[in-house]
Amino acid sequence: MSDFKRTTCPFCLNGCESGVNFNYQYRMEYVMDGKVNQGRLCPRGNSASIVIDHPRRLAYPLLDGKEITWEQAFGKVKEWLARVRPEEIAVVFSRGLTEQEVRLVGGLAQALGTTNLVCGYIEPDNCFGQELAGVAAAALDDFLTAKTMLIAGDVFSKSPVAAKPIVDARYRDRTSRIVVIDSIKTKLAGFAHLFIWVRPGTEPWALAAIAALLDRSLKGIDVDGFARLCGVERAQLQEAAKIVSGTDAGIVISAMCLGRASAPVLHNLCSQLVALKAGKPFVGFGEARIPEGPMPFGKFMEAVAAGHIKTVLWFGSLYPYSYPEIFPEMKNVTNRVATSIFRPEETLPGLILPVPSELEKDSVGRSVWGEVVRHALARPVSGSRFVHQIVAELGAGAEAAIDRNPPVSVQEVVTMLAAAASGLVQTNGEDGFLLLGEKRAFGIGGFYDAEQELSINPTDAINLGVSDGNRVVVKSDTNEREFSAKVTGAFPAGAMGVGVNVHANRALFPLVVERATGRVTVPPARVRVWRKG
């Protein structure tokens, strides 16, 4: 019918089809013939219509929190750019851009003469863009017909609609087998035939050990040593290897969460290593996949902190909600320009430009199952401008391709494992706890659960004198927050968990810069915890 529009949901990479009915107000519609989701949508997909007409949508440029015209905004940007040298400019691209818009932003950096082009999307799932040489990408049919699944991480929380085919595979016949490796006993773990409960952040080493058991000629992996590092028995890893090699109809799956993956690149590559040695296809679930820029985010942070960057142009749709940790350093930036779909909750210095959301523009992109086409479900918010219009006004229009990382070899992965093991953070309660991130809800623009609970292991709760509902304080190197205690056996002793959709919770996790690569990770954080009062 004429008042219905259909598209592919942009909120994760599962490729679910949905639509909006806008007869009298925006309302989500469920596309029953969608190949991936068959009419189902997760809480994020259900929230699409809310994004379109959210009361805090930004409709006018803001300069230091005050509305100005587009003419004034462009004049200010040009004035700022004229005052600085190219090497003092950084151009950042983040989530919410189409593939073409990312290339246009790259073209703008070239036109401005700066090599400081930065990917501002530092979620761990972006590491799935790195490939291990020789690994086959899974097709949807592989996922739907698999008789064995090895799953590293919590796919249910990253792509909730994927729960149905996983559960279907679990009960398809009596010979089907699912192995889950995680540091938290999630709902997904409850469906596993074999759940390998590893120490926080050690998933890559458990995966590497399984790969070595699948291929005894794989050198440089100490299976027994890795088992001890992960806190599991060698027999569990042997059983996992036996299951994953037991049938040709299998698949290896991976998912990651901010604040839970100590080494996200290795988490991805070691998952693929198991797939390679088992002869199975691989798929990594996440919310977005954006190419790395020539300037790593960690190098960008260091340059900003040192005062070398005077003007930042930040393109995306969610500024400033994703990474509050960077803003203490941003005080050194003289001129800030950013695009966003929402009006910030607090007044921020600099210029914020309104742009259409992903639901208000046509694009061609990719899901984990291949290329997808997205159609605009609504007209852009009045007063917003497309990225191509902003780039053109600043004197650029040509696209510039951003190179993707070349495939990694098996030997490179083995070398990385040995180097990374020494950097793992472990605690026993005496020197603090490990705070882990949980993906609990869809959290942006005001439609999320409060996420004011701290998940605590029963033993830790006793030692802290805490029971359900007591108020507790969590203090990290970067923030301090108060929570309500939730005692649960899903977390190991010495580790606790908070939802990371709420951005004040994210600020508890310091950004860690890898010195060798300049890559930024957000691993579990060492924290102090005490009962309030």
Cα gyration tensor category, rounded, prolate or oblate, for segment 126-285 with a/c compared to 1.5: rounded
Positive-end residue, the chain charge dipole about Cα centroid, Cβ charges, pick of 469, 258, 290: 469
Project the alpha carbons of the chain onto their principal axes and report the range along each, largest first, in whole Å. 67, 57, 47
Over 22 Å (Cα to Cα) - which of 280/439; 158/475; 299/475; 5/35; 147/280; 35/147 fall in this group: 280/439; 158/475; 299/475
Give the percent of DSSP beta bridges with both residues in the chain that are antiparallel, rounded to the nearest 5. 45
Report relative contact order for segment 1-90 in percent, whole number only (criteria: Cα-Cα under 8 Å, sequence separation at least 6). 16
Length-normalised contact order for the chain - Cα pairs under 8 Å, 6+ apart - percent: 20
Only helical DSSP H runs with n ≥ 4 go in: add -39500 (n - 2.57) per run for the chain, normalise by residue count and round the 222 nm mean residue ellipticity to 500 deg cm²/dmol. -7500 deg cm²/dmol
About its Cα centre, how strong a charge dipole does segment 126-285 have in debye, to the nearest 20, once Lys and Arg get +1 and Asp and Glu get -1 at the Cβ? 300
Please report the projected area of segment 87-154's Cα convex hull averaged over all directions, in nm². 7.2
Determine the distance separating the Cα centre of segment 294-310 from the Cα centre of segment 469-533; give it in Å without decimals. 25
Report, in debye and to the nearest 20, how large the dipole of the chain comes out about its Cα centre when Lys and Arg carry +1 and Asp and Glu carry -1 on their Cβ. 480
Taking a ≥ b ≥ c as the square roots of the eigenvalues of the Cα gyration tensor, with a/c under 1.5 meaning rounded and otherwise prolate when a/b exceeds b/c and oblate if not, segment 1-134 is oblate
At 37 °C and a viscosity of 0.692 mPa s, what translational diffusion coefficient does Stokes-Einstein give for segment 163-220, taking Rh as the Kirkwood radius over Cα pairs? Give it in µm²/s as a whole number. 256
Percent antiparallel among DSSP beta bridges with both residues in segment 96-239, to the nearest 5? 0
Assuming a viscosity of 1.567 mPa s and a temperature of 4 °C, what translational diffusion coefficient in µm² per second does Stokes-Einstein assign to segment 4-52, Rh being the Kirkwood radius over Cα pairs? 122
Among bridges DSSP assigns within segment 425-531, what percent are antiparallel (round to 5)? 65
Would you work out if segment 309-369 is rounded, prolate or oblate? Take a ≥ b ≥ c from the square roots of the eigenvalues of the alpha-carbon gyration tensor; rounded if a/c is under 1.5, else prolate when a/b is larger than b/c, oblate otherwise. prolate
Name the lysines eligible as straight-distance cross-link partners of residue 277: C-alpha to C-alpha under 16 Å, and not fewer than 8 places from it in the same chain. 219, 242
Over segment 126-285, what is the mean sequence separation of C-alpha contacts under 8 Å (at least six apart), divided by residue count, expressed as relative contact order in percent? 34
What does the extension gain come out to for residue 141 and residue 100, with contour length at 0.36 nm per residue minus their alpha carbon separation? 11.9 nm
Final fewest-first order of 94, 159, 47 on the 10 Å Cβ neighbour count is 47, 94, 159
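Every number in this text was worked out from the coordinates using simple rules, so none of it is lab data. Small disclaimer: the values here were computed from a predicted structure and weren't measured. Positions of Cβ are generated from backbone atoms using ideal geometry, with glycine treated the same way; all protein chains shown enter the neighbour counts.
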